[in-house]
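Following: one structure in structure tokens, then a few remarks.
The values are calculated or read from the model by the stated rules, or taken from the named source; none is laboratory data. Everything numeric in this text was worked out from a predicted model, so none of it was measured. Backbone-built Cβ (ideal geometry, glycine too); neighbour counts: all protein chains shown. For accessibility, only protein heavy atoms count, side chains too; no ligands or nucleic acids. Shrake-Rupley method; radii C 1.70, N 1.55, O 1.52, S 1.80 Å.
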Amino acid sequence: MTPYFSAEDTAFRAEVRAFIQTNLPPDLARRGRYDYHPRREDQARWAKILAGKGWSVPHFPVAYGGAGWTGVQRFIFEEEMRRAYAPTMDRIGPELVAPVLYTFASEEQRQAYLPGIQTGDTFWAQGFSEPGSGSDLASLRTRAVRDGDDYIVTGQKTWTTEGHHADMIFMLVRTDMEAKPQAGISALIIDLKSPGITRRPIWTIDEGLTVNEFFFDDVRVPAANLVGQEGAGWSYAKFLLTNERTNSAEVPHTKRDIAQLRDIARIEQKNGRPLMEDPSFRNRLARIEIDTMALETAVLRALTSGSHDGGSIASLVKVRGSELRQRIADLAVEALGDRGLAICLNPEGEHRMFEDGLTPPVPDHGIGIAAKAMFRRATTIYGGANEIQRTLIAKTVLEL
Amino acid sequence: MTPYFSAEDTAFRAEVRAFIQTNLPPDLARRGRYDYHPRREDQARWAKILAGKGWSVPHFPVAYGGAGWTGVQRFIFEEEMRRAYAPTMDRIGPELVAPVLYTFASEEQRQAYLPGIQTGDTFWAQGFSEPGSGSDLASLRTRAVRDGDDYIVTGQKTWTTEGHHADMIFMLVRTDMEAKPQAGISALIIDLKSPGITRRPIWTIDEGLTVNEFFFDDVRVPAANLVGQEGAGWSYAKFLLTNERTNSAEVPHTKRDIAQLRDIARIEQKNGRPLMEDPSFRNRLARIEIDTMALETAVLRALTSGSHDGGSIASLVKVRGSELRQRIADLAVEALGDRGLAICLNPEGEHRMFEDGLTPPVPDHGIGIAAKAMFRRATTIYGGANEIQRTLIAKTVLEL
Amino acid sequence: MDFTYTSEQDALRDSVRRFVEREYDWEERFRIIRSDCGFAPHHWAMFAELGWLGAGLSEEAGGFGGGAIENALIAEELGRALVTEPFVPHVIATQLLAALDSEAAADLIASLIVGETIIAPALQEAAGRGDWRHVETVADADRLTGVKTLVEGAARAGSFLVSARNGDGVGLYLVAASAKGVSRTDYRTLDNRRVADLILDGAEAVLLASGAPALTAIDHAMDHGLIALCGEALGAMDAALWATRDYLRVRKQFGTAISNFQALQHRMADMLIEVEMTRSLLYAALGAMAGDDAQARTAAVAAAKVQLSTGGLQVGAQAIQLHGGIGVTEELNISHFYRKLYGISRQFGDVDLHLARFAQARDQAPRRGG
Amino acid sequence: MDFTYTSEQDALRDSVRRFVEREYDWEERFRIIRSDCGFAPHHWAMFAELGWLGAGLSEEAGGFGGGAIENALIAEELGRALVTEPFVPHVIATQLLAALDSEAAADLIASLIVGETIIAPALQEAAGRGDWRHVETVADADRLTGVKTLVEGAARAGSFLVSARNGDGVGLYLVAASAKGVSRTDYRTLDNRRVADLILDGAEAVLLASGAPALTAIDHAMDHGLIALCGEALGAMDAALWATRDYLRVRKQFGTAISNFQALQHRMADMLIEVEMTRSLLYAALGAMAGDDAQARTAAVAAAKVQLSTGGLQVGAQAIQLHGGIGVTEELNISHFYRKLYGISRQFGDVDLHLARFAQARDQAPRRGG
């Protein structure tokens, strides 16, 4: 039992920090402070820089561009990225789709798709949810009917995260109407430039764009784009979702949020003193920091346990992590006082629902905070709603 | 809309207060401060004094000794009783059993049993729960088999509140084994001195005695002791339980607890200042007081709405009231600091689980507080567990 | 003690409810939010015509004989429909002027309740974090300098009611929107109220009251404003609760209506409890307003504000959570209930401020019923 | 970074587990609680024999080469069985003496780890509310006057380690139980630890350390004590969780095992999260103990104490709630888990104290990883 970072870990951290310090373009770091809805071009630029060092997709198998790091090293890397306000990177391609590809796809498919993800040239979407099937994926209805060497895909996907950035989509479709709900599902790769696809942005509570709806109207997809076995899509999806949950603890991000909030609380005043000295604020911040420390250790326990236990710890840290992300964002809004109540659109952002032409009196350290707090309502819903996670914990860990 | 006490209410309050001030024996008030597990003799003495004024069972129909007060007046009366540290009275007979008797029993039964309740001479128990049937009364198994002019009762009752004080018990028994679970249940009155009854005290988390277990071994009960119709016991029980829930908000008691805690917090010190000035304590106490104010108004709304709506508001105030009673007791323990951690048995109490011979250094204002906090864990369980109440709210009010 | 509305009050409620049903659909609301001043002058004219702008004002003060109850009731119905017209600031302005009991004030009230003009209260500053008792704006004779924040309805206001430090402590001033030295920075709040920072740079002002009378009038007006705000929050909470209830009954997952899931049922029960506790504390505050115990009034109003803030956030957040993904979309009203309740929870001071006000008032007040 | 126990540590855990299974059944525990001194000398002798009393002490200090990890592990298993023997105070006493690094201290340690004597730490006073840094007891040369509270194991202690104010600020003293001017008031705590108020009325004492070295030694020992306490709480929480799980699977209501009720399942999931977060913070604290950053150590230990207090109460209360009536009976261990966790949550300072300690340490500490 050595529950602390080793000397090697510490040296690794120093190396990562030095690299970021030298190579992160200042305009990226500046926009990174607004944290939120990063531009595709920023993500791609940074991915290219990291790819040059072999660090753009560290978790990949080394053969496909991975860095061969331990779980703890990947955690440290992520922590340093967040700490330096590097752009939050696209997650769908590298973290969700790619592991499915290098685990289940054919070698041709791997060669065709993984390099684009590694270099940041290709962005991906994931097409799982449909209207009427949120956390209940087995009920999905988008159909793919075999027609010669193609599938003809018809249906609708929704909640497609960052779909407006995506070139390709990894889809769950129903290929067998007769089979039991879960058995008739297959995984298809679809080029989003294919004829018959339309996209509708779904504006969210923050007046921002994260999710989209895609309509597939007789879209022709080469049968070669089938991933793995026909009818096995359900198991790939489960594999993917487990990764989603583990990552969704988002500890490095929350730690950075805390550091940012501490900065804010030293600037903002209450009763003529820095907010940081207000007892009630201090207590609540301390409690968030303590819960974050607990969550961090839980994640590190999972990362070092060696087993990809797929479910139990993942569900557990997802629940707690998502709730923490809401609490920290809400406390940040509160820290801003009157200024936390203003709608303040990211001055360097793209994709606005509408231009109100107003310039709210929000200081630079407050930009994006309120919108972020609004959007964080989604953290307890996406990636498998927390209700689903609690049921999963009860069934799989507690065996109730 | 006149959401405040009328001039008549205020005058009534003054009258009640004056009466209590003149008539409450000082030794009763002193023991009342320990609040908890009052002696039967104290309850009986006070009941007699109140009965002399016609106030011992104010909620009864006037014909049976009731005071003819409005719901608001009964609330004021209860508030003044608690405020003066009058003994908390037996509830089973006057509040639970008696309403069933004067609503459903025969005139002979009313004449036989109500006077003893009114004068405090007869104490009652209620025999509903059995091992294995907590909130699920329909599953009860105690049988009453007709034998000539008698029933022969065999079975076991548990969680019998204040059964060690009781002379009589109002029982649910199964008289028909063939009928559907709820239809085969009848209500019987049994004299606890009948041969074949044994009692076992159930010591609770506070090392005190509140509940008991009764064993009925071929107990002979006159058939005349059947209340209402055979097979209708279930509906009487539901009627009774609704009363139990409404009363279980316990607002007057909680308001008195708050006043008591404010007294404690002016005596106890933290960091060399009265605890009452500690910001964190103040905030938590304020929140409890606010929630109590809300609950009080909710109860007054229910009391003045005219409808005995039986369920919705009752469940709602039971949930919130029981949780509040726990919070206030826990905060009182915390207020006592080191002294809140000592087991300190009521020096004037009866029924001790064991004599440890120790005299803990707890000041007079701290006696009974910690034991009370322990026992209050039961408030969210008894009278229909809060889980049951929440389901009831969802089904009956929200129609889910 | 009676918690039922009179038939006049019921009629008033019906009138507001009919208005929002007929005139204020979801598309209309989006149009108004995106308009120049963020609210609709033709609606405001209708409010005046229907008598709502004077409904909560005593006859002596020039109103139609009602009080806090009527204002709370109107606000509740407006909250239900997330109406963005600045009704709460109107309550504060009229009650503030009424408390001054002067001829000049009476004239202003008369023009306010017929909707001829809008006067926006500008009582708070950034450093006060919602606490209107924090005043740094300075009055140098009849010239004011300072910045007031979150001034609602500013874009259409003919003048402002401004608090400022002077020789007596604090004075209350009337500042014309057109006066020299007055400028604005307009913005939207999270709950889509259109507000402004009011920047006063030696702005010409008329003193209305000074010292204790000014402070008393402001506290009185803020009590009324907080009660109206409580009504608005209650309306939004109640609407969010029942909309969620309806959704749970139709939404199916895993082959069954999700209303059958016990964990969701219990969550809904907790939301209902929060709604009913908020309603109860609104009534308690209305009761206290009718009495003459200043500390009891402060305590009851602060209690209602604490409860609507925490209960409102809980109900709003759970309404989203129980809706799932669709709950966070801009197009559905559920996300806007949350934004409204999030805004209200911090408006006029956060939970800590009102807990402290409550505790202080309780220390000084005799116990209720003795 | 490795969170797995070594095989030696696993063996130690097994040894404790075997002991409680064989020797410490529920009836035995009741007997001990009702005995004169509230713990069993024959058990204590067994603890010594099995090496537990020196397992968590370095070899330099005369122990068997372990540290905080071993103490936490032993305490966790003792907590699972609600063992009442004063192990946590033993950890504090030995670590306190070890930190003094003197020959006299070494002799005392030697007799402690073989179970020959018991030395009870007497570091807190009523006015400190669990904060050991609050010292009002006064040393006049070698005579102490004051009252120490919640002194655990006092009835069997040969001597006491007492903090008192002297010319250097605070000194640490050894007071023999038999010394003149020493008296006790014995009582039980809610969690059935047998404790005493130690009343010192000019009691003769031996100075062990004074000023900064004394304070450093006390803080060091309390860090160790808090970690052992965290282990004990974790054991009780974990045991309560799984006992409740087992009960839900067998208990039937409304015709089905109550483990099928979704609301209860989710409650259980939340309890598990609290247990795992407590375990995580125990590990984090153990990691910090291995480093040389004093602020990080204080922060991590305070964090663990905050979590075990709130999480412990939540798990304990829910274990009762999910059991229903039987959960509040004295005869079932569920009520005793709650009493234990209720006691622990307030032992050595409440949540506010440790939140403040955490916040202060974080203000002064560099950010983890830079």
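May I ask you to list the residues in segment A:123-146 that are surrounded by fewer than 19 Cβ atoms within 10 Å (Cβ to Cβ), in contact (Cβ under 8 Å) with a residue 40 or more places away in the chain and either more than 14 Å from every other protein chain (Cβ to nearest Cβ) or in a strand (DSSP E or B) (or both)?
Matches in segment A:123-146: A:146 only.
Looking at D:143, D:129, D:165, can you tell me which residue is under 26 Å from residue D:344 (Cβ atoms) and charged (D, E, K, R)? Break it down into steps so the answer makes sense when it comes.
Working: D:143 fails: under 26 Å from residue D:344 (Cβ atoms); D:165 fails: under 26 Å from residue D:344 (Cβ atoms).
Checking each option against the conditions leaves just D:129.
Going through segment D:20-40 one residue at a time, which ones are over 18 Å from residue D:190 (Cβ atoms) and touching a Ser or Thr at 6+ places or on another chain (Cβ under 9 Å)?
Within segment D:20-40, D:40 is the sole residue that qualifies.
When you go through C:172, C:207, C:200 one by one, which is the residue that is open to solvent by less than 10 Å² (accessible area, probe 1.4 Å), touching a strand residue (DSSP E or B) at 6+ places or on another chain (Cβ under 7 Å) and under 20 Å from residue C:117 (Cα atoms)?
One residue alone meets the criteria, C:172.
Is it the case that residue A:323 is open to solvent by 30 Å² or more (accessible area, probe 1.4 Å), in the same structural domain as residue A:254 (by TED's automatic domain parsing), closer than 23 Å to residue A:262 by Cα and touching a residue at least 60 places away in the same chain (Cβ under 8 Å)?
Working: open to solvent by 30 Å² or more (accessible area, probe 1.4 Å): yes; in the same structural domain as residue A:254 (by TED's automatic domain parsing): yes; closer than 23 Å to residue A:262 by Cα: yes; touching a residue at least 60 places away in the same chain (Cβ under 8 Å): yes.
Here the answer is yes, as residue A:323 does meet what is asked.
For segment C:1-110, please list each of the helices (runs of 4 or more DSSP H) lying entirely inside it that holds at least 1 residues being of a type in the set (Lys, Arg). Quick ask: steps written out before the conclusion?
Values: elements: C:7-23, C:26-33, C:41-49, C:52-55, C:68-80, C:87-100.
Fully inside segment C:1-110 and qualifying: C:7-23, C:26-33, C:68-80.
With the structure loaded, tell me whether residue C:288 is of a type in the set (A, V, I, L, M) and over 30 Å from residue C:258 (Cβ atoms) or whether it fails that test.
Working: of a type in the set (A, V, I, L, M): yes; over 30 Å from residue C:258 (Cβ atoms): yes.
Against the criterion (of a type in the set (A, V, I, L, M) and over 30 Å from residue C:258 (Cβ atoms)), residue C:288 qualifies.
Checking residue C:288 against (1) over 17 Å from residue C:232 (Cβ atoms); (2) facing chain B (nearest Cβ under 7 Å), which test does it fail?
Every condition holds for residue C:288 apart from (2).
Please indicate, with yes or no, whether at least one residue in segment A:136-152 is within 24 Å of residue A:36 (Cβ to Cβ), at pLDDT 95 or above and of a type in the set (S, T, N, Q).
The answer is no, given that none of the residues of segment A:136-152 is within 24 Å of residue A:36 (Cβ to Cβ), at pLDDT 95 or above and of a type in the set (S, T, N, Q).
Got a sec? Which of C:130, C:115 is within 30 Å of residue C:35 (Cβ to Cβ), modelled with pLDDT of 95 or more, open to solvent by less than 10 Å² (accessible area, probe 1.4 Å) and not charged (D, E, K, R)? Full working, then the answer.
Numbers: C:115 fails: open to solvent by less than 10 Å² (accessible area, probe 1.4 Å).
Result of the check over C:130, C:115: C:130.
Which one of the conditions (1) more than 19 Å from the chain's Cα centre (by Cα); (2) within 30 Å of residue B:9 (Cα to Cα) does residue C:15 fail to meet, given that it meets all the rest?
Exception for residue C:15: condition (2).
Quick check on residue A:31: is it at pLDDT below 95, closer than 30 Å to residue D:280 by Cβ, away from every other protein chain (no Cβ under 13 Å) and open to solvent by 20 Å² or more (accessible area, probe 1.4 Å)?
no
Quick one: in segment A:186-206, which of the residues that are of a type in the set (D, E, K, R) and surrounded by fewer than 21 Cβ atoms within 10 Å (Cβ to Cβ) is farthest from the chain's Cα centre (by Cα)?
At the first step, the residues of segment A:186-206 found to be of a type in the set (D, E, K, R) are A:191, A:193, A:199-200, A:206.
Restricting the remaining residues to those that are surrounded by fewer than 21 Cβ atoms within 10 Å (Cβ to Cβ) gives A:191, A:193, A:199-200.
On the way: A:191: 21, A:193: 24, A:199: 21, A:200: 21 Å.
Once the filter is applied, the top-ranked residue is A:193.
Out of segment A:233-268, which residues are modelled with pLDDT under 95, of a type outside the set (A, V, I, L, M, F, W, C), open to solvent by 10 Å² or more (accessible area, probe 1.4 Å) and over 22 Å from residue A:295 (Cβ atoms)?
A:235, A:236, A:238
Residue A:343 passes all but one of (1) without any contact (Cβ under 8 Å) to a residue 40 or more places away in the chain; (2) surrounded by 20 or more Cβ atoms within 10 Å (Cβ to Cβ); which number fails?
(1) is the only condition that residue A:343 fails.
Among the residues of segment A:346-374 satisfying the criterion of being hydrophobic (A, V, I, L, M, F, W, C) and outside any helix (DSSP H, G or I), which is surrounded by the fewest Cβ atoms within 10 Å (Cβ to Cβ)?
As a first pass, look at segment A:346-374 and keep what is hydrophobic (A, V, I, L, M, F, W, C): A:353-354, A:358, A:362, A:367, A:369-371, A:373-374.
If we keep only those that are outside any helix (DSSP H, G or I) too, we end up with A:353-354, A:358, A:362, A:367.
Values: A:353: 14, A:354: 11, A:358: 16, A:362: 21, A:367: 23.
Here the answer is A:354.
For the condition farther than 18 Å from residue C:151 by Cβ and of a type outside the set (Ser, Thr, Tyr), what is the one hit in C:226, C:241, C:200?
Values: C:226 fails: farther than 18 Å from residue C:151 by Cβ; C:200 fails: farther than 18 Å from residue C:151 by Cβ.
The match here is C:241.
Taking residue A:397 as the residue in question, decide whether it is of a type in the set (Val, Ile, Thr), farther than 25 Å from residue C:330 by Cα and over 23 Å from the mean Cα position of the chain (by Cα).
Numbers: of a type in the set (Val, Ile, Thr): yes; farther than 25 Å from residue C:330 by Cα: yes; over 23 Å from the mean Cα position of the chain (by Cα): yes.
Spelling it out, residue A:397 is indeed of a type in the set (Val, Ile, Thr), farther than 25 Å from residue C:330 by Cα and over 23 Å from the mean Cα position of the chain (by Cα).
For segment C:180-214, name all the residues that are hydrophobic (A, V, I, L, M, F, W, C) and within 30 Å of residue C:83 (Cα to Cα). Don't jump to the end; show me each part of the working.
Of all residues in segment C:180-214, those hydrophobic (A, V, I, L, M, F, W, C) come to C:182, C:190, C:195-196, C:198-200, C:203, C:205-209, C:212, C:214.
Those that are hydrophobic (A, V, I, L, M, F, W, C) and within 30 Å of residue C:83 (Cα to Cα): C:182, C:190, C:195, C:196, C:198, C:199, C:200.
Only residues that are surrounded by fewer than 21 Cβ atoms within 10 Å (Cβ to Cβ), at the interface with another protein chain (Cβ under 7 Å from one of its Cβ atoms) and at pLDDT 95 or above: list them for segment A:281-306, please.
Passing the criteria: A:282, A:283, A:287.
Please work out which one of (1) surrounded by fewer than 21 Cβ atoms within 10 Å (Cβ to Cβ); (2) assigned to a loop (DSSP other than H, G, I, E, B) is the condition residue B:379 fails and give its number.
Only one criterion is unmet by residue B:379, namely (2).
Please determine whether any residue of segment A:91-114 is of a type in the set (Phe, Trp, Tyr), crowded, with 16+ Cβ neighbours inside 10 Å and in a loop (DSSP other than H, G, I, E, B). Talk me through it step by step, then tell me what you get.
Applying the first criterion (of a type in the set (Phe, Trp, Tyr)) to segment A:91-114 yields A:102, A:104, A:113.
Retained after the next criterion (residues that are crowded, with 16+ Cβ neighbours inside 10 Å): A:102, A:104, A:113.
Remaining after also requiring in a loop (DSSP other than H, G, I, E, B): none.
No, there is no match, as no residue in segment A:91-114 is of a type in the set (Phe, Trp, Tyr), crowded, with 16+ Cβ neighbours inside 10 Å and in a loop (DSSP other than H, G, I, E, B).
Residue D:82 versus (1) within 14 Å of chain A (Cβ to nearest Cβ); (2) open to solvent by less than 30 Å² (accessible area, probe 1.4 Å); (3) of a type outside the set (Asp, Glu): which is the lone unmet condition?
(1)
For segment C:316-350, what are the residues that are over 15 Å from residue C:245 (Cα atoms), within 9 Å of another protein chain (Cβ to nearest Cβ) and in contact (Cβ under 8 Å) with a residue 24 or more places away in the chain?
C:336, C:338, C:339, C:342, C:343, C:346, C:347, C:350
When segment D:240-262 is examined, which residues are found to be within 10 Å of chain A (Cβ to nearest Cβ) and open to solvent by less than 20 Å² (accessible area, probe 1.4 Å)?
D:241, D:244, D:248, D:257, D:258, D:259 - these are the residues of segment D:240-262 that are within 10 Å of chain A (Cβ to nearest Cβ) and open to solvent by less than 20 Å² (accessible area, probe 1.4 Å).
For segment C:291-315, give me the residue count where each residue is at the interface with chain B (Cβ under 9 Å from one of its Cβ atoms) and among the acidic types (Asp, Glu).
Number of matching residues: 0.
Can you work out which of the residues in segment D:129-171 that are of a type in the set (Gly, Ala, Ser) and touching a residue at least 60 places away in the same chain (Cβ under 8 Å) is nearest to the other protein chains (Cβ to nearest Cβ)?
Going residue by residue through segment D:129-171, those that are of a type in the set (Gly, Ala, Ser) are D:130, D:139, D:141, D:146, D:153-155, D:157-159, D:163-164, D:167, D:169, D:171.
From what's left, touching a residue at least 60 places away in the same chain (Cβ under 8 Å): D:130, D:139, D:153, D:155.
On the way: D:130: 7, D:139: 21, D:153: 15, D:155: 10 Å.
Residue satisfying both the conditions and the ranking: D:130.
One residue is enough: does segment B:176-185 have a residue meeting the conditions open to solvent by 30 Å² or more (accessible area, probe 1.4 Å), over 30 Å from residue B:53 (Cβ atoms), more than 11 Å from chain D (Cβ to nearest Cβ) and in a strand (DSSP E or B)?
no
Residues to consider are D:74, D:69, D:92; find the one that is open to solvent by less than 10 Å² (accessible area, probe 1.4 Å) and out of contact with any His (no Cβ under 7 Å at 6 or more places or on another chain). Before the answer, list the steps.
Details: D:69 fails: open to solvent by less than 10 Å² (accessible area, probe 1.4 Å); D:92 fails: out of contact with any His (no Cβ under 7 Å at 6 or more places or on another chain).
Testing whether each residue is open to solvent by less than 10 Å² (accessible area, probe 1.4 Å) and out of contact with any His (no Cβ under 7 Å at 6 or more places or on another chain) leaves just D:74.
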